[in-house]
Amino acid sequence: MSAGIGKMLVNRWLAWLLIVPLLVLIALTTLQYRDIEGQKTADRGRHGALLVANGEVEGPRILNDYEDFYVVGLLQRGGDIVRAYDNDYLTAAQQRFTGTTTFMPWAYPPPLTALVPLLPIVGLAWSYLLFMVATLLLYVWTLSRFGTQFVGASLLAVFPSLVLVVRLGQNGLLTGALAGLFLLGLLRERKSAGVPLGLMVIKPHLAIALGLVPLLQRRWTVLAVALGVVALSCLAATLVLGIKVWPAFFEGAGAAGGYLREGLFPLYRMSSVYAGLRSFGAAPSTAMAGHAVVALAALGAVFFAWRAGLRHNRLLALACLATLFISPYNYDYDLAGLAMALSLILPEVLARARGGEMVLFYALAWIGTGAGLAQHLVAVLLVGTAKHPHGSALNWSFQAAGLLATAALVARILRRKQTMTVVSQAGGQGGARAAKGAE
């Protein structure tokens with residue numbers, strides 16, 4: 001790896017160059033939400049599109065994910081939040097509150113559903129601002145615990161996903177931070193690592209391979225803490241929403257599985273192997289079989305890496321990556337946690353990379369985390385449609401291929417002997433600014 005690329009990546013200023021645009025995007029989205037709140041309901045759904053300011057594209061406005069969370073929260077006022085799991089009812093509620101609709105079935109577990117009624121308390125714009133700033137700060141702070149000098153390089157690898165999380169108002173920063181806190185806890189052999197693992201109950205499919213590591217290592221206390229957090233979360237959700245929320249949730253999750261088989265979700269935004277195969281014409285059963293093979297291989301890779309005595313940081317990074325291949329219902333905004341995995345191995349990767357391999361690494365990482373975003377921008381800015389490419393020639397899913405190619409490149413780099421040393425000017429973990437050494 002050239003010294004120039006090393007200095008650019010191992011530099012604290014890179015983090016600020018990436019964080020500032022995210023803060024600007026948060027501010028712009030907040031202003032847009034304030035404008036929406038000031039309109040009459042009949043006028044709220046007329047113009048605009050995802051990632052494009054109101055008025056740029058004519059046609060019905062596509063709801064951001066955060067607006068869907070907000071609508072579900074509003075249903076609590078009428079005592080019918082449990083009916084959010086009925087997509088027909090939710091669609092009618094979207095129309096009633098926003099003046100437009102977007103296909104976004106609600107299939108989140110009850111512990112998360114019980115939290116969304118908090119959003120309408122302060123309004124759409126203010127709740128979005130508070131949620132996004134708080135989760136961004138938590139996410140960056142968690143990344144910094146792995147080494148402040150590598151925050152920018154880690155953020156750069158998943159930056160397209162971060163843009164989507166911020167603009168959509170998704171919870172990828174929160175789940176990414178929880179994954180990072182769990183990894184840090186295991187690295188430091190803390191029993192409290194079970195707390196963030198248990199809190200992943202809000203998106204349990206993102207914790208399956210992560211939870212395999214303490215199971216293999218027989219960290220029973222960590223697992224007990226995690227299960228305790230899950231049990232308390234589910235109990236609290238039941239007390240808030242009522243026992244009827246559970247059959248409604250399972251029915252909604254089953255319906256979501258049916259929508260997935262029917263190809264109703266925007267495959268170009270999904271990062272699973274299933275979505276990749278399905279988007280290129282594979283039958284649902286074939287795509288699911290291919291996905292199952294890769295999911296089992298991902299879990300098997302974690303198991304055999306543990307059996308082989310793989311270095312702890314590498315094992316945890318592998319588990320963090322593997323968990324993204326478990327569920328067929330995985331979106332690009334769920335990929336923010338990859339930055340945590342990268343933070344575990346980035347010093348070793350930088351010390352072993354040759355020539356333009358880091359350029360190739362970031363190119364592949366951006367395909368894995370940003371191919372859907374790129375296709376959407378093409379659809380909106382070039383084709384001139386406010387609708388997503390679902391059902392069109394732009395409905396291809398490249399993310400899984402990009403992630404697998406990125407993982408293969410990293411594995412190849414890490415198999416080499418170290419050819420250079422990444423050091424800091426201060427000589428400590430927190431002050432690295434340059435990469436020195438020769439191939």
Checklist entry - Looking at this structure, is residue 116 farther than 28 Å from residue 244 by Cα and aliphatic (A, V, I, L, M)? => result no
Checklist outcome for this item: Exactly one of 210, 174 is closer than 28 Å to residue 377 by Cβ and modelled with pLDDT of 95 or more, and that residue is 174
Next on the checklist: Which numbered condition in (1) within 23 Å of residue 134 (Cβ to Cβ); (2) surrounded by fewer than 20 Cβ atoms within 10 Å (Cβ to Cβ); (3) modelled with pLDDT of 95 or more is the only one that residue 221 fails?
Outcome noted: (1)
Item to check | Matching residues, the stretch 233-245, being free of Cβ contacts under 8 Å to residues at least 40 places away in the same chain and either in contact with a Ser or Thr (Cβ under 9 Å, 6 or more places away or on another chain) or over 18 Å from residue 197 (Cβ atoms) (or both) | outcome: 239, 243
Next on the checklist: So, restricting to helices (runs of 4 or more DSSP H) that lie completely within the stretch 60-127, which ones have at least 2 residues that are farther than 16 Å from residue 170 by Cα and of a type in the set (Phe, Trp, Tyr)?
Outcome noted: 87-98
Checklist entry - Does residue 195 qualify as being closer than 27 Å to residue 339 by Cα and part of a helix (DSSP H, G or I)? => result yes
Checklist outcome for this item: The residue from 91, 98 that alone is touching a Ser or Thr at 6+ places or on another chain (Cβ under 9 Å), under 30 Å from residue 259 (Cα atoms), of a type in the set (Ser, Thr, Tyr) and surrounded by fewer than 20 Cβ atoms within 10 Å (Cβ to Cβ) is 91
Checklist entry - How do the pairs read when you match residues in the stretch 405-429 that are closer than 22 Å to residue 312 by Cβ and modelled with pLDDT under 95 with residues anywhere that are of a type in the set (Gly, Ala, Ser) and assigned to a helix (DSSP H, G or I), using Cβ under 8 Å and keeping only pairs 6 or more apart or on different chains? => result 418/351; 421/351; 422/6; 422/351
Checklist entry - Listed residues 248, 224; which is free of Cβ contacts under 8 Å to residues at least 40 places away in the same chain, farther than 18 Å from residue 102 by Cα and assigned to a helix (DSSP H, G or I)? => result 224
Next on the checklist: I need a count of the residues in the stretch 109-134 that are surrounded by fewer than 22 Cβ atoms within 10 Å (Cβ to Cβ) and not small (Gly, Ala, Ser).
Outcome noted: 13
Item to check | Selected residue (only one of 88, 80 is more than 24 Å from residue 269 (Cβ to Cβ) and over 23 Å from the mean Cα position of the chain (by Cα)) | outcome: 80
Item to check | the stretch 297-316, subset in contact (Cβ under 8 Å) with a residue 60 or more places away in the chain and hydrophobic (A, V, I, L, M, F, W, C), residue farthest from residue 270 (Cα to Cα) | outcome: 306
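Every residue, every condition in (1) in contact with a helix residue (DSSP H, G or I) (Cβ under 8 Å, 6 or more places away or on another chain); (2) farther than 30 Å from residue 343 by Cα; (3) modelled with pLDDT of 95 or more, yes or no:
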{"residue": "92", "(1), (2), (3)": "no, yes, no"}
{"residue": "98", "(1), (2), (3)": "yes, yes, no"}
{"residue": "102", "(1), (2), (3)": "yes, yes, no"}
{"residue": "109", "(1), (2), (3)": "yes, no, yes"}
{"residue": "113", "(1), (2), (3)": "yes, yes, yes"}
{"residue": "122", "(1), (2), (3)": "yes, yes, no"}
{"residue": "131", "(1), (2), (3)": "yes, no, yes"}
{"residue": "135", "(1), (2), (3)": "yes, no, yes"}
{"residue": "147", "(1), (2), (3)": "yes, no, no"}
Checklist outcome for this item: So, first residue over 19 Å from residue 167 (Cα atoms) in the stretch 331-355, second residue of a type in the set (Lys, Arg), Cβ within less than 7 Å, six or more apart or across chains; the pairs are 345/314; 352/416
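Each row is one residue, and each column tells you yes or no for (1) of a type in the set (A, V, I, L, M); (2) within 26 Å of residue 17 (Cα to Cα); (3) buried (at least 24 other Cβ atoms within 10 Å of the Cβ).
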{"position": "140", "(1), (2), (3)": "yes, yes, no"}
{"position": "162", "(1), (2), (3)": "yes, yes, yes"}
{"position": "181", "(1), (2), (3)": "yes, yes, no"}
{"position": "193", "(1), (2), (3)": "yes, no, yes"}
Checklist outcome for this item: If we take the stretch 253-337, then helices (runs of 4 or more DSSP H) inside it with 2 or more residues that are out of contact with any Phe, Trp or Tyr (no Cβ under 6 Å at 6 or more places or on another chain) and surrounded by fewer than 19 Cβ atoms within 10 Å (Cβ to Cβ) are 284-307, 312-322
Checklist outcome for this item: In the stretch 370-404, anything modelled with pLDDT of 90 or more, in a helix (DSSP H, G or I) and out of contact with any strand residue (DSSP E or B) (no Cβ under 9 Å at 6 or more places or on another chain) is listed as 370, 371, 401, 402, 403, 404
Checklist entry - For the stretch 272-296, how many residues meet the condition of being small (Gly, Ala, Ser), under 22 Å from residue 209 (Cβ atoms) and in contact (Cβ under 8 Å) with a residue 12 or more places away in the chain? => result 6
Next on the checklist: within 12 Å of the chain's Cα centre (by Cα), farther than 27 Å from residue 350 by Cα, in a helix (DSSP H, G or I) and not charged (D, E, K, R): is that true of residue 166 in this structure?
Outcome noted: yes
Checklist entry - Within the bounds of the stretch 357-368, is there any residue that is surrounded by fewer than 21 Cβ atoms within 10 Å (Cβ to Cβ), of a type in the set (Phe, Trp, Tyr) and not in a helix (DSSP H, G or I)? => result no
Checklist entry - Of the residues 326, 367, which is of a type in the set (Val, Ile, Thr), modelled with pLDDT of 95 or more, within 29 Å of residue 216 (Cα to Cα) and under 21 Å from the mean Cα position of the chain (by Cα)? => result 326
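The values are calculated or read from the model by the stated rules, or taken from the named source; none is laboratory data. Computed from a predicted model, the values in this text were never measured in an experiment. Note that we place each Cβ from the backbone using ideal geometry, even for glycine, and neighbour counts take in every protein chain shown.
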